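Beneath this line is the structure, given in structure tokens, with notes to follow.
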Amino acid sequence: MSETAAVPTAPLRARAEIDLAALRANVRALCARAEGAALMAVVKSDAYGHGAVPCARAAVEAGAGWLGTATPEEALALRAAGLDTRVLCWLWVPGGPWRQAVEADIDVSLSGMWALREVTEAARQAGRTARVQLKADTGLGRNGCQPADWPELVGEALRAEREGLLRVTGLWSHFACADEPGHPSIAAQLTRFREMVAYAEEQGVRPEVRHIANSPATLTLPETYFDLVRPGIAMYGVSPSPEIGTPADFGLRPVMTLSASLALVKHVPGGHGVSYGHHYVTPGETTLGLVPVGYADGIPRHASGIGPVLVDGKWRTVAGRVAMDQFVVDLGGDEPAVGTEAVLFGPGDRGEPTAEDWAQACGTIAYEIVTRIGTRVPRVYVNGEEEEG
């Protein structure tokens, strides 16, 4: 075997192929499941690693009426890219870019009085009415206003609304355990949400949207839909939890395929150590393939010795430790050409592992697997244009 053999055209070192047709189909499937509720496409964290702007555009094309981001910077980037769809942004700290958000017509989430004070001041300075949504902590214990503090937040928001400084466009919350079917907190949070919404509406709040359904709730709990659902990971064709079903069970298809080109294939004798610490030693004479991605690219170091990879039609396993820029697979004597594609995960159509397979191997969730893929890995978008007819 010649280790200098190469494929006809030089491939990228690594690529994350993003299938925008799959994303659009997923959004349509989720819209259909939502039974008339509007859909917010959550594109936080660079669309869970898939690329916020291309994915946001594709989601809007497929029927998403809202976009959701965590940070204001993410929301402002969507506006800068020319997206004029309604955007909700929910993760703020004191001194955040409130005025820029108000001027960009971004709906901002408020969980406490400090945020209400800052956004009303920004609205005064901008001479515009801020669009705000009040978030209720119904039991998750993260962001959101506690029930005991809800009357004050609602009352002050209504006062600011009467002054023309803001408009309360939404009331919302977030589930803690919607991905655990039958968990008692689901019903408890839903009851608390209904109570907090009813109180706000009794006081005079007239929200455009009330929403609590995340991906697992959108897939399994129709009673949580209200006016709007907020799928995140499901939009990218990944199940929120194996316990509730596979992507195929819900008519969804994984959007990202992560692959790399073998950088080296070589023969080694038995007893040869592989990668740092020699946690893997070849059991006999074999061939090793070098996959040029590592933890700097977002490949979990926890995948050392266990991560699955499809090379030349066969599942291989990461041999030894994942390093910063590369890892090794034992090819068992096979001799694929240098440049041969190594598929870490994808939809599974070609027998390749999925993001869920990597999550199971690493003791984590598939959200982390796709979101952590770093910026050194180029996103390559396919099926960007809708087919006519």
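Extending 7 Å from Cα along the Cβ direction at VAL382 and again at TRP114 yields two label points whose distance is 4.7 nm. Taking a straight line from the alpha carbon of LYS266, these aspartates and glutamates sit under 17 Å away, with near neighbours fewer than eight places off in the same chain left out: GLU3, GLU285, ASP312, ASP330, ASP334, GLU335, GLU341.
Helix 20-33 and the long axis of the chain differ in direction by around 40°, with both axes built from C-alpha atoms. Can you spot the lysines whose alpha carbon is less than 20 Å from LYS44's alpha carbon? Ignore those fewer than 8 places along the same chain. Counting by Cα, and skipping residues close in sequence, LYS44 has these lysines nearby: LYS135. 3J(HN,Hα) along the range 97-103: x, 4, 5, 4, 5, 4, 5 Hz, from the Karplus curve 6.51 cos²θ - 1.76 cosθ + 1.60 with θ = phi - 60°, whole Hz, x for Gly and Pro. Computing the accessible area with a 1.4 Å probe over protein heavy atoms, can you report the carbon and sulfur percentage for the range 311-352? C and S fraction of accessible area: 45 percent.
Residues of the range 92-133 with the amide nitrogen closer than 18 Å to a label point 7 Å from the Cα of ARG142, along Cα-to-Cβ, please. 92-94, 108-112, 133, by backbone N distance to the label point. Distance between the C-alpha centers of the range 145-188 and the range 276-297? Whole Å please. Cα centroid to Cα centroid, the span is 51 Å.
Shown is the FRET efficiency for ARG162 and HIS272, computed with R0 = 56 Å from the Cβ-Cβ distance and rounded to the nearest 0.05: 0.15.
For the chain, the longest principal axis of the C-alpha atoms and the axis of helix 150-162 are separated by about 70°. Per residue, the chain exposes an accessible area of 42 Å² to a 1.4 Å probe, with every protein chain left in place. Among the trypsin sites (Lys or Arg not before Pro) found in the range 70-152, those both in a DSSP coil and sparsely packed, with 11 or fewer other Cβ atoms within 10 Å of their Cβ, are ARG142. Between GLY320, GLY139, GLY271, the Gaussian network model of the chain with springs among Cα atoms under 10 angstrom shows the greatest mean-square fluctuation at GLY271. Treating the angle as unsigned and between 0 and 90°, give the value, to the nearest 10°, between the Cα long axis of helix 52-61 and the longest Cα principal axis of the chain. For 52-61 against the chain, the angle is about 70 degrees.
How much of the accessible area of the range 62-171, in percent, comes from carbon and sulfur atoms when a 1.4 Å probe is used?
C and S fraction of accessible area: 48 percent.
The values are calculated or read from the model by the stated rules, or taken from the named source; none is laboratory data. The shown structure was predicted, so the numbers you read here are calculated from the model rather than taken from an experiment. Cβ coordinates were reconstructed from backbone atoms using ideal geometry, including for glycine residues, and neighbour counts include every protein chain displayed. The accessibility values were calculated without ligands, DNA or RNA, using every heavy atom of the protein model including side chains. Shrake-Rupley method; radii C 1.70, N 1.55, O 1.52, S 1.80 Å.
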